[in-house]
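Working notes for the structure below.
The values are calculated or read from the model by the stated rules, or taken from the named source; none is laboratory data. Computed from a predicted model, the values in this text were never measured in an experiment. Note that each Cβ is placed from the backbone with ideal geometry, even for glycine, and that neighbours are counted across all protein chains shown.
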Amino acid sequence: MSFARGLPPDVIHPLLFSWLMYKEVVMLTIPGMCWLCRMPLRVPDWGICSRCQRLRQIPVCPQCGLPAACETQPCGRCLQKPPVWQRLLAASEYAPPVSGLVHQFKFQGCTALAPALARLLLLKILATKRSGALPAADLLISVPLHRTRAWRRGFNQSALIARALSRWLGIRYAPDAVARIKAAPPQRQLNARQRRSNLKNAFRVELPVAGLHIVIVDDVVTTGSTVARIARLLKRNGAATVQVWCLCRTL
């Protein structure tokens, strides 16, 4: 890397990372290759080919997004203890190959993946809407990051997905509707009980939401603790209904 000569080590490392990510993006997008199977794309900007978009989907409950016998009615779990949100819609289960792309997007800073992943979720939304099984939506919000983590990561992955969906669907996006006011360990390091405790008093509603039909956009829903906490807060502030749209659901 001759362009890095004479630079201090703390500058070279970020430059090396940026260069490697640039090479990866160029290799995948300029030739018009699918992010998943690496086959040529008819429309390079799509990012994921039509074959990979038709990933095998297992039947899931429309309310909690977990495996169920019927996709049109709530499962037994939801009948006994309904989640605070009305509908959970996921583009894919959290498994290869999509989980690998989400990991690159979220933890390796590959934000060039955002449009392709958002389009994967968009297609799921449109298919569900055509079947008449998708409630109305007035406002999109994204799961917020605490300002410290947002600064370290450099972006909010859920916000990038929500912004693209807002543009394509014509639904207003309010990035500052909910703020994360408490710094805490990452949820992925905790069990279900710790996750719930970790989120206590973590969020605050910053905009009026009374009477609105709101969608929370997230990248991955695992136990659902984060989106449940936000949904409950929105309901307390008068939201009419709350949905969750996510790239992946851990089954």
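Taking the stretch 198-223 as the range and being under 19 Å from the mean Cα position of the chain (by Cα) and part of a strand (DSSP E or B) as the test, the residues that pass are Phe203, His213, Ile214, Val215, Ile216, Val217, Asp218, Asp219, Val220, Val221.
Taking each residue of the stretch 139-151 that is modelled with pLDDT under 90 and looking for partners that are assigned to a strand (DSSP E or B) with beta-carbon atoms closer than 7 Å, six or more apart or interchain, yields His146/Arg180. Among the candidates Val221, Val209, the residue that is surrounded by 18 or more Cβ atoms within 10 Å (Cβ to Cβ), modelled with pLDDT of 95 or more and in contact with a Lys or Arg (Cβ under 6 Å, 6 or more places away or on another chain) is uniquely Val221. Hey, among the residues in the stretch 87-138 that are polar (S, T, N, Q) and in contact with a helix residue (DSSP H, G or I) (Cβ under 9 Å, 6 or more places away or on another chain), which one's surrounded by the fewest Cβ atoms within 10 Å (Cβ to Cβ)? Top of the filtered list is Gln108. None of Leu123, Leu79 is modelled with pLDDT of 90 or more and in a helix (DSSP H, G or I) except Leu79. Scanning the stretch 152-175 for residues that are more than 13 Å from Asp219 (Cβ to Cβ) and either in a strand (DSSP E or B) or touching a residue at least 40 places away in the same chain (Cβ under 8 Å) (or both) yields a count of 6.
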